[in-house]
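The values are calculated or read from the model by the stated rules, or taken from the named source; none is laboratory data. What you are looking at is a predicted structure, and each value in this text was computed from that prediction instead of being measured. Every residue, glycine among them, receives a Cβ derived from its backbone with ideal geometry; neighbour counts consider all protein chains shown. Side chains are part of the model used for accessible areas, which takes the heavy atoms of the whole protein and leaves out ligands, DNA and RNA. Shrake-Rupley method; radii C 1.70, N 1.55, O 1.52, S 1.80 Å.
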Amino acid sequence: LCFSALPALFKEELRDEEAKEGEAVTLHCELTKPAPVEWKKGHTTLRPSEKYRMRQKDVTAELVIHSLSEADA
């Protein structure tokens, strides 16, 4: 018996979030099954830092962007 596993998908479409410059914003996504999430801005993979905080538990992933600027749009 041979089968391939279905890929993890987003449970709902991601949506834009609004916040003021200098504040923080939290982005969430929920997957159909547990899988690693990689956050990107354009072609650049975001890494944990003072600016970015990432958390993931089971099927839910979260990205917090601190000290927002226009470049974060």
(message) Just to be sure I understand: with springs between alpha-carbon atoms less than 10 Å apart, which residue in GLU38, GLU18, GLU62 has the highest mean-square fluctuation in the Gaussian network model of the chain?
(response) GLU18
(message) Can you tally the net charge around GLU21? Count Lys and Arg as +1, Asp and Glu as -1, for every other residue whose Cβ sits under 12 Å from the Cβ of GLU21.
(response) -3
(request) Specify which labelled value, from (1) 1.96; (2) 1.29; (3) 2.04, agrees with Cα Rg over 2.2 N^0.38 Å derived from the coordinates of the model shown. (result) (2)
(message) Leaving out ligands, DNA and RNA, and with a 1.4 Å probe, what % of the accessible surface on the chain is carbon or sulfur?
(response) 52
